[in-house]
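Nothing in this text is a laboratory measurement; each read-out follows from the coordinates by a stated rule. Keep in mind that what you see is a predicted model, and the values were worked out from it rather than measured.
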Amino acid sequence: MKLIRTRPVVVALVLLAMPAATTRAQQTAAAPLRSPDVIFVPTPPEVVQAMLKVAKVGPGDIVYDLGSGDGRIPIAAVKEFGAARATGIDIDPQRIKEAEANRQQSGVGDKVRFLNQDLFQTNISEATVVTLYLLPSLNVKLMPKLKAELKPGTRIVSHAFDMGDWAPEQKLEVNGRTVYFWTIPKK
């Protein structure tokens, strides 16, 4: 009989512990995966437009924005340039929240998604266009991943920073800011 009386107590204790466990899981999910490599500095709208124009983004494209911040580039790729889909990747959960709020307001529906992931770990192989605004050292570190995962012909556009020895095919000046453009070569 003691077992029958203790079971409700055990069940009650398990139920009381569950909200605490859920809260810890939610807190862990909201914590950054690791410290961001760069601080968030938004790309000005005229630079976003120039980046997407030089990449010739259109209806057949799948755009990946690495370090997507508030989501302005993936949203513009779909909304203004007609990209089929766009994915923004950012390691900072606060940026993902902002991007999701901007996505909801933009009316792009499920054509745009945001992933709270480490861009060095995320599979980007389906991209036809990759955009980024990182530091030169990160661009150089990212270059082997881009060349290994992306298909020949995939276009890459960087705001402000080049990729070391990999010479850009185009270099634009937009209101005092530089935009670099590359294409993944045939293997």
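Which shape class, rounded, prolate or oblate, goes with segment 81-131 when its Cα gyration tensor gives a ≥ b ≥ c as root eigenvalues, a/c under 1.5 marks rounded, and past that a/b bigger than b/c marks prolate? List each step's numbers first, then the result.
Numbers: a/c = 2.58, a/b = 1.08, b/c = 2.39.
Oblate shape, in that a/c is at least 1.5 and b/c is the bigger or equal ratio.
With both bridge residues required to lie in segment 112-187, what share of the DSSP beta bridges run antiparallel, to the nearest 5%?
Values: 11 of 15 bridges.
So the antiparallel bridges amount to about 75 percent of the total.
Hey, could you get me the Stokes-Einstein D for segment 118-164, Kirkwood radius over alpha-carbon pairs, 20 °C and 1.002 mPa s, rounded to whole µm² s⁻¹? It would help to have the intermediate numbers written out before the result.
On the way: Rh = 10.9 Å.
Reported coefficient: 197 µm²/s.
How big is the Kirkwood radius of segment 51-105, worked out from every pair of different alpha carbons and given in Å to one decimal? Provide the component values of the computation, followed by the final result.
Details: mean 1/r = 0.0905 Å⁻¹.
Mean inverse Cα-Cα distance, inverted, gives 11.0 Å.
Lysines near K147 by alpha-carbon distance under 26 Å, same-chain residues fewer than 8 away left out - which ones?
Cα-Cα hits under 26 Å: K53, K56, K111, K171, K186, K187.
Give the value in nm², to one decimal: projected area of the alpha carbon convex hull of segment 79-187, averaged over all directions. Let's see the in-between values first.
Working: hull surface 30.3 nm².
Across all orientations, segment 79-187 yields a mean hull projection of 7.6 nm².
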